[in-house]
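Report on the structure given below.
Each value in this text was obtained by applying a stated rule to the coordinates, not by laboratory testing. Computed from a prediction, not measured in an experiment: that's the story for all the values here. Positions of Cβ are backbone-derived with ideal geometry, glycine not excepted, and every protein chain shown enters the neighbour counts.
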Amino acid sequence: MLGLEIVPVGTFLALLAEQVLRTALAAKDVVIEKESFKVLSKYLCDIEPVLKELQLRELKDSQAVRHALESLKSDINKAKELVDKYKNRSRFYLLIKCRHIVKEVQDVTRNIGRSLASLSLASSEVLSDMSERVHQLHHEMQKAEFEASLSQVRILEKLQQGLKEHKTDQGFANDLLEEIARAVGVPVEPLEINKEIASFKHEKEEAAARKERAEECFLEQVIALLSRADAVNNQEEVEMLYFRRVQTIKKFTTEDDHIPPFRSFICPIGGNVMIDPVSLCTGTTCERACIKAWIDGGQTSDPETGEVLDDVSLRPNIRLKESIEEWQELNYCLKIRNAKSRLLSGTESRILDALNQIQELTEQNPINKDWIATEGLISIVLSVVGSSQKSVEETGLITLMGLVKDHPRNK
């Protein structure tokens, strides 16, 4: 839109009214928080005839009028940017950001209301018979309060709780994914779900490009959780990842069942392998929960070096987290390979060890159910159950139950 200083006020009003109407129509097409954007659209539609009326009545040019119009133009532009920002985004992403979106819509609505009031005051001589209507519109927009739907809030709370508790079971991921998909109108079918997940991953890449580390880490955690669901898992990719990991462990003997962690994987406070590593301003990395407790407890120094912490902000260490996850997966593969060897040994004690190890693997990470099946262990366990002593048979049945629980493909 042309700057106000180089066009007549009447022309500018016509252009602004046009933009208001276009923004109002576009706001109706946002797929998430429809009610909030619908209310914004309604207010914009109410403003458009006011601007046209000012044009028809030949609003007098003055510094106050120009200032009020510039302010309204700026706020309408922000409303347009907001609509454009959320019109074609991942539906899953929009639901997860619903509280933030609602706040943005509320703020822009109130700002437009204030600008409208300024324009009304600056043009009181030509809007005297419309002042009550404009005042009422301004009052409604200033008082406008938007809230995310109760169902969306419940899904968000469930998601946040799952992340907090580091949920990894497939059943939880299946339920959560289905609730999200239904809330945003996406069919719970692998093709559609994977399209949304791909779009969601793009949002994470965009956050990384903007160097928004906290946002990137949060989205990565959400993607990791949802990716455990059956509808997301691409069986071919799961198998390819397993075979890549198997190639890496070939240098270890069949008796090796554990690769020790690197020192950098260990939290200097808790002494355990980290799950959610975060870095301090000094470069030291700790488990998030441990360093948070450290700082909340009044500590002001680096727990490893003793340096004074000038900044207590925490940055997710995504690369280290990925390395730790790869190390864990390599250990899973070692245990799966060793369990297979023991199952085929024909020795009761070794077979029982293998069955117990498989049970532990299925509880540690849902992907192990896929990898155990890929390695052919389910058919081996079935053959063992049918031809072994009672103790092996009972343990074998428990093992099979764990492998098929919340896993349709293994059934």
Can you tell me the relative contact order of the chain? Whole percent, Cα pairs under 8 Å, sequence separation 6 or more.
11
Could you state the number of Å between the C-alpha centres of the range 91-111 and the range 43-64?
28
Size of electric dipole in the range 48-187: Cβ of Lys, Arg +1 and of Asp, Glu -1, about Cα centre, debye, nearest 20:
360
Which of the lysines could a cross-linker span from Lys85 if the Cα-Cα distance has to be under 21 Å and same-chain partners fewer than 8 positions apart are dropped?
Lys28, Lys34, Lys38, Lys42, Lys73, Lys97, Lys103, Lys195, Lys201, Lys204, Lys211
Helix-derived mean residue ellipticity, 222 nm - over the chain, DSSP H n ≥ 4, -39500 (n - 2.57), to 500:
-22000 deg cm²/dmol
Rounded to whole angstroms and listed largest first, the alpha-carbon spread of the chain along its three principal axes comes to 99, 52, 33
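Could you compute the net charge surrounding Glu215? Neighbours are other residues with a C-beta less than 10 Å from the C-beta of Glu215; K and R count +1, D and E count -1.
On the way: positive: Lys97, Lys204, Arg210, Lys211, Arg213; negative: Glu203, Glu206, Glu212, Glu216, Glu220.
It works out to a net charge of 0.
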Would you report the distance distribution of C-alpha pairs in the range 321-404 as whole percents per 5 angstrom bin, up to the bin with the largest distance?
3, 16, 30, 24, 14, 7, 3, 2, 0
Mind checking the log10 I(q)/I(0) for the range 150-226 at q = 0.18, 0.28 Å⁻¹? Debye, one equal scatterer per Cα, no solvent, two decimals.
-0.78, -1.35
State to the nearest 20 debye the size of the charge dipole of the chain about its Cα centre, where the only charges are +1 on K and R beta carbons and -1 on D and E beta carbons.
440
In nm, to one decimal, how far is the Ser341 label point from the Lys158 one, both placed 7 Å along Cα→Cβ?
4.3
